[in-house]
Amino acid sequence: MSDITKQSLTELVENIKNKKLSSTDVTKAFIERSEKSKELNAYITEDFTSALDKAKRFDQKPNLDLKMPGIPMAVKDLFCTKDVKTTAGSKILNNFVPTYESTVTENIWKEGAILLGKLNCDEFAMGSSNETSFFGNVQNPIDKDLVPGGSSGGSASAVAGQLTPITIGTDTGGSIRQPASFTGTVGLKPTYGSCSRYGIVAFASSLDQAGPMAQNVKDCALLYEIISTYDSKDSTSIDFKRNQYSKELTNNIKGKKIGIPKEYRVDGMPKEIEDLWQKGIQYIKDCGAETIDISLPHTSYALPTYYIVAPAEASSNLARYDGVKYGFRAKGENLIDMYEKTRSEGFGTEVQRRIMIGTYVLSSGYYDAYYLKAQKVRKLIKNDFDEAYKKVDAILTPSTPSSAFKIGEKTDDPVSMYLNDIFTVPVNLAGLPGISIPAGHDSKGYPLGLQVIGKAFDEQNILNIAFAMEEKINFKNKITDWWIK
Amino acid sequence: MSIDLKTIKHISKLSRISVDEKRAKKLAGDLNSIFDFIEKLNELKTDNVEPLTSVAETTLKLRSDEVKSKNIREQIVKNSPQDNEDYFVVPKVIE
């Protein structure tokens, strides 16, 4: 079967369960394609030999009752994997080999999946183009020299390029949904507290969430139901009733009320995005749901708020990288000198910039003016959503203000890079779930995504809406394999 | 508002990241453009708004204070740049 890597996760699971394919067949196919796809630079660490061993062992005694029986899968290099190097895309963790496993990946392996390797990402997940990685930028399978988005750029590239049937990313301000939108894939950022943060390299703890990135909504629902568990090892993990999301998935969204927030019509937004949004509204209506104009008045304050809250939390989280307990250490004349050189040489430019912003807004004399102010505005942003959800069941917006851009196009201007996350950041600030689905192409043929935002813990509802829309949109990703010689 | 080189030096010291003159100038420029963008928040009156510290509207769960991981000394020092008999080694602190 030469087309193994073209199959969706759901198809592969079925074929393994029906014994039409073995885990070894599937694992070999993805390894071979990954080997031919080095130019994408999607992997930081390959674990192919071990993956093949595990696949062979699985086939000797297959447990076909599992949800991902013998399915190979690569994950973002922000998840700690026991005995497999975990770098977070940073020089400072270049030699870090965790002695424990993250809860999210543990849940996945328990359902029979096999680790293929660790995928490239922006350093400490700080970036929107995967250009801040110590291990180099990632190519978008859509076109040469196009960014795949970020920070889960390697994950998005690997799913779109069929190097892995499915993957997981993390999303602090849009890091799953923006790259999904840039690569024509589906990405879900779950409700804060839904997936355990245990064993995920921390960026901004009040915003970070792990989530699936997939070729379609059904695959996304299946992986989400595996990774969403209550975990006592994460103090903000929430014990709520979780569904069998893939089994309960339905395209019947008749009578649902979908809000269209006028504030997402931002200045300078390309007409293509507006047109896509209008098409989305039509799809919603075609599915028998109703759209309602709503207002989220504080939307334009979300990005400035985010750029205080996220760097503040990051500056505190990243204080642990001191060259003492693990990771890179530079030589210094004394202890303080060692700290300062280690952090100066070990962190990249963007990470240093954000640590500095965070340190400044938390420093004596500035805390009230910046950090406290941002927390108050964050409350107003959350109130906007609470108010809107009195009238609607979900909200539809574009995922990003543009399609993917060229490598190097925005690296000199941090603020223009930050503006990429304008539609995704409010969702993180309010702790809500959001899903990006591919919905069309721009004039260059690059994919564009639409975002469905839900109420907290209402993942089933947004998955259903995305599922219904997906059927109407009938999106086909244009992957030419340009990188395979 | 403007972040000058003196402030950059101060933040650099607080964050334990050494920065040379050239980098400091670049950082001052970057941070000023970012803070210009952040200043937008001052348009809003927030005197009577409660700060949002966590989106999870639950109180932290209590658990009994039990040791769950035992005998993991080796694991703890496994990734250290330098160790000696289960201790982390750092440059000399006391003369």
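Only one entry in A:ASP481, A:ASP384, A:ASP442, A:ASP421 is more than 30 Å from A:THR5 (Cβ to Cβ) and surrounded by fewer than 24 Cβ atoms within 10 Å (Cβ to Cβ), namely A:ASP384.
If the condition is being out of contact with any helix residue (DSSP H, G or I) (no Cβ under 6 Å at 6 or more places or on another chain), surrounded by fewer than 10 Cβ atoms within 10 Å (Cβ to Cβ) and facing chain A (nearest Cβ under 7 Å), then region B:70-95 contributes no residue at all.
Inspect all residues belonging to region A:328-339 and state whether any of them is basic (Lys, Arg), more than 30 Å from A:ALA439 (Cβ to Cβ) and either within 14 Å of another protein chain (Cβ to nearest Cβ) or buried (at least 20 other Cβ atoms within 10 Å of the Cβ) (or both). Yes, because at least one residue in region A:328-339 is basic (Lys, Arg), more than 30 Å from A:ALA439 (Cβ to Cβ) and either within 14 Å of another protein chain (Cβ to nearest Cβ) or buried (at least 20 other Cβ atoms within 10 Å of the Cβ) (or both). Here A:ILE308 does not fit the description of being modelled with pLDDT of 95 or more, among the hydrophobic types (A, V, I, L, M, F, W, C) and more than 30 Å from B:SER33 (Cβ to Cβ). Among the conditions (1) touching a residue at least 12 places away in the same chain (Cβ under 8 Å); (2) more than 7 Å from chain B (Cβ to nearest Cβ); (3) out of contact with any Asp or Glu (no Cβ under 7 Å at 6 or more places or on another chain); (4) not hydroxyl-bearing (Ser, Thr, Tyr), A:ALA319 misses just one, which is (1). Considering (1) under 27 Å from A:ILE465 (Cα atoms); (2) within 7 Å of another protein chain (Cβ to nearest Cβ); (3) touching a residue at least 60 places away in the same chain (Cβ under 8 Å), the lone condition that A:LYS382 does not fulfil carries the number (3). Among the residues of region B:47-69, not a single one is assigned to a helix (DSSP H, G or I) and more than 10 Å from every other protein chain (Cβ to nearest Cβ). Regarding A:VAL415, is this residue assigned to a helix (DSSP H, G or I), within 14 Å of chain B (Cβ to nearest Cβ) and crowded, with 23+ Cβ neighbours inside 10 Å? No: the conditions fail for A:VAL415.
Would a scan of region A:235-242 turn up a residue that is of a type in the set (S, T, N, Q), part of a helix (DSSP H, G or I) and over 23 Å from A:ASN216 (Cβ atoms)? Within region A:235-242 (the criterion being of a type in the set (S, T, N, Q), part of a helix (DSSP H, G or I) and over 23 Å from A:ASN216 (Cβ atoms)), the answer is no, since none of the residues qualifies. Restricting region A:243-267 to residues that are small (Gly, Ala, Ser) and assigned to a loop (DSSP other than H, G, I, E, B), the residue that is nearest to A:TRP109 (Cα to Cα) is A:SER246.
Could you tell me whether any residue of region A:295-305 is within 14 Å of chain B (Cβ to nearest Cβ), under 26 Å from the mean Cα position of the chain (by Cα), outside any helix (DSSP H, G or I) and surrounded by 14 or more Cβ atoms within 10 Å (Cβ to Cβ)? Within region A:295-305, one or more residues are within 14 Å of chain B (Cβ to nearest Cβ), under 26 Å from the mean Cα position of the chain (by Cα), outside any helix (DSSP H, G or I) and surrounded by 14 or more Cβ atoms within 10 Å (Cβ to Cβ). Just one of (1) away from every other protein chain (no Cβ under 12 Å); (2) among the basic types (Lys, Arg); (3) out of contact with any Ser or Thr (no Cβ under 9 Å at 6 or more places or on another chain) fails for A:LYS285. It is (3). In region A:340-354, the qualifying residues are those that are among the basic types (Lys, Arg) and at the interface with chain B (Cβ under 7 Å from one of its Cβ atoms), and the one that is nearest to A:LEU93 (Cα to Cα) is A:ARG343. Cβ-Cβ contacts under 9 Å between residues 6 or more apart (or on different chains), taken from a first residue in region A:248-259 that is without any contact (Cβ under 8 Å) to a residue 40 or more places away in the chain and closer than 10 Å to A:LYS285 by Cα to a second residue that is hydrophobic (A, V, I, L, M, F, W, C) and part of a loop (DSSP other than H, G, I, E, B), are listed as A:LYS254/A:CYS287; A:LYS254/A:ALA289; A:GLY255/A:ALA289.
For B:ALA28, indicate whether it is of a type in the set (A, V, I, L, M, F, W, C), more than 8 Å from every other protein chain (Cβ to nearest Cβ) and either touching a Gly at 6+ places or on another chain (Cβ under 6 Å) or touching a residue at least 24 places away in the same chain (Cβ under 8 Å) (or both).
Yes.
The values are calculated or read from the model by the stated rules, or taken from the named source; none is laboratory data. Not measured: the values here are computed from a predicted model. Methodologically, a virtual Cβ is constructed for each residue, glycine included, from the backbone with ideal geometry; neighbour enumeration extends over all protein chains shown.
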